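The values are calculated or read from the model by the stated rules, or taken from the named source; none is laboratory data. Quantities reported herein were computed from a predicted structural model and do not represent experimental measurements. Heads up, the Cβs are rebuilt from the backbone with ideal geometry, glycines too, and the neighbour counts pull from every protein chain shown. Surface areas here come from the heavy atoms of the whole protein model, side chains and all, with no ligands, DNA or RNA. Shrake-Rupley method; radii C 1.70, N 1.55, O 1.52, S 1.80 Å.
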Amino acid sequence: MTSPFSFESLLTAVIVAVVVIVLLIVLLTLLRGIKVAKPDEAIIVTSRQKAVKPGDSALEETENAGQRVVFGSRVFVKPIVEAHFKLSLRSRQLNVQATAQTKDAITIKVNAVAVVKVGGSESMVRAAAQRFLNQQDQIETSTEEVLSGSVRSIVGQLTVTEIITNRQALQGQVLDAVRESLDVQGLQIDTLQIKEIDDDNGYIRDLGRAEAARVKQVAEVAESVARQASEEARIAADQAVAEQQRKLDLRNAEIQKETDKARAEASAAKPLAEAISQQEVISQQEITAGKRVGLRKQELDAEIRAVADAEAYSIEKKAQADAASSVAAANAERDRRKAQAEAVEAEGIAERNRRRSAAEALEAEGVAEKNRRIAAAEALRAEGEAEANSIRVKGAAEAEATRAQADALEERADDLLRQQVIGQLPDIVRAASEPLAAISNMTIISSDGHGTEQVSGSVSSQLASSMQIVKDLVGIDIAEIVTGRATGAAAGQAFAERGGAVAVRPKAKATPAE
């Protein structure tokens, strides 16, 4: 029987597993070798030095040998043979403070703010990496020192007035002074702003005192002029108020005059008022007549409305009739659909009954199949019991035969043992002679000339010793057995020669020597 997992399949599985592991290791190595540079950093990949190209100077080769600079993208770094380093390109804000003497020997303090970063070109990144790769926090300190020295140098070439009045020139000169030294280090200044210029002796403050006094004087004059203008404006306002008051009084007098005139006209206008009243009565009568006309108009409208209501009633009745016919049609449609639904329901009931009948038939078939299987199982069990009984009877017979054979073996154990020993005699003799048979060449040295007899005697003595050992261990005398068999064989031969007149029974069992 062949094992389901042969050596070839096991070897194939091992090879596949090794290949998968190798592929995973290669994939992980490739993934780990992919490096991505952020927008504010640069990756420098170093490897073995490249050969110097014709036309390149030794200095350029020394600076650029085996280096690649990557900005804002990914790069694959070969394992073992290449290494990568990251250099930040972010801006750094510096507070620069410098104390220096101006050209006119005034000691001042300059406070400025600068923004510095690593340059965006490959050469500047390489230069910055050579100086600050493992100590990028020293960029601020180094740049502050350079800027402070440049500020002191430029301040010493200018007067206080020049510095105060033209800070932009100071910033430009400082940037021009530090640009070269920062370029060497791979750095660049984005911005430089002078925040404050001050001194400890108040010199700069005193420079502004004269201007401040002049400005104060101008302010006082302006304040006096403003006060005078304000007073003039107040007087003009009072005059305007008085003028307006005069105009108001004149207007009040005119109003009073008009009021008196109105009163006089009112006392003289009574008859006019009665006439006007009569006119109002007439106007009221006209209004009444107009209302009567309106009432008649409403009556006519009511009559017309009645006719319209009758027509509307007719139309309504017609609409009701139409609605009734529509309802009847709808009821008929409903009855038709109900009949269709009942027909569908009856068909569903018939289908359900048919399926129930099929299920019952299937169930009956299943019961019959179950009974058939039960009968088959009973028959199989009966067959098994019969076969078991047959096996049990056969086993009992075999056991009885085995027991009889054991009894026979027990009775004839000695004879069988002797028979087996006789059968093993050739092997015993062969084993006794094997030591001599294994000797290819033998040289016998004997002083009495009987060396060969001594060798034969040693074999005979060895065989006799083996027979004595068998006799001591199992109580069987092989020599006696051989002698008995030889005697029986001679007697049988003599009996055969004499025609069987004398029956000789060979000795079948020899009593072993105690």
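Based on the Cβ-Cβ distance of residue 343 and residue 364, what FRET efficiency does E = 1/(1 + (r/R0)^6) give at R0 = 41 Å, to the nearest 0.05?
On the way: r = 31 Å, r/R0 = 0.77.
Using R0 = 41 Å, I get an efficiency of 0.85.
When a/c reaches 1.5 or more, the comparison of a/b and b/c decides; with that in mind, is region 226-297 rounded, prolate or oblate per its Cα gyration tensor?
Values: a/c = 15.98, a/b = 2.69, b/c = 5.95.
It is oblate, given that a/c is not under 1.5 and a/b is not larger than b/c.
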Once the piece of chain linking residue 184 and residue 240 is laid out straight, how much longer is it, given 0.36 nm per residue of separation minus the C-alpha distance between them? 12.2 nm
Would you please give the residues with an amide H less than 5 Å from that of residue 100, counting only those at least 5 places away or on a separate chain, with H modeled from the backbone geometry? 108, 110
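By how many nm would the segment from residue 90 to residue 195 grow when fully extended, if each residue of separation counts as 0.36 nm and the alpha-carbon distance is taken off?
Details: separation 105, 0.36 × 105 = 37.80 nm, distance 2.28 nm.
35.5 nm is the gain from fully extending residue 90 to residue 195.
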Pop out the carbon and sulfur fraction of the accessible area of region 247-348 as a percent, whole number, probe 1.4 Å. 58
Could you pull out which residues in region 186-219 have an amide N less than 17 Å from a spot 7 Å beyond the Cα of residue 229, following the Cα-Cβ vector? 218-219
Highest average packing first - 203-213, 118-128, Cβ atoms within 10 Å: 118-128, 203-213
Can you work out the Karplus-derived ³J(HN,Hα) for every residue in region 280-290? Use 6.51 cos²θ - 1.76 cosθ + 1.60 with θ = phi - 60°, whole Hz, and x for glycine or proline. 5, 4, 4, 4, 5, 4, 4, 5, 5, 4, x
Estimated distance in nm for a label pair at residue 10 and residue 252, the labels positioned 7 Å out from Cα along Cα-to-Cβ: 13.3
Backbone HN-Hα couplings from phi across region 20-33 [Karplus 6.51/-1.76/1.60, Hz, Gly and Pro as x]: 4, 5, 4, 4, 4, 5, 5, 5, 4, 5, 5, 5, 5, x
For residue 199, residues with placed amide H under 5 Å, excluding near neighbours: 109, 204
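When the chain is fully extended, how far beyond the present Cα-Cα distance does residue 382 get from residue 404, taking 0.36 nm per residue of separation? Present the calculation step by step, with values, prior to reporting the outcome.
Values: separation 22, 0.36 × 22 = 7.92 nm, distance 3.27 nm.
Between residue 382 and residue 404, full extension yields an extra 4.7 nm.
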Inter-site label distance for residue 204 and residue 101 at 7 Å from Cα along Cβ, in nm: 1.9
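Quick one: Cα convex hull volume of region 116-266, Å³ per residue? All intermediate terms of the calculation are to be shown ahead of the outcome.
Numbers: hull volume 39.4 nm³, N = 151.
Hull volume over Cα atoms, normalised by residue count, gives 261 Å³.
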Report the label-to-label distance for residue 35 and residue 320 in nanometres (one decimal), using points 7 Å from each Cα along the Cα→Cβ vector. 9.9
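Once the Cβ-Cβ distance between residue 291 and residue 267 is put in as r, and R0 is 35 Å, what FRET efficiency do you end up with, to the nearest 0.05?
Numbers: r = 37 Å, r/R0 = 1.06.
Rounded to the nearest 0.05, the efficiency is 0.40.
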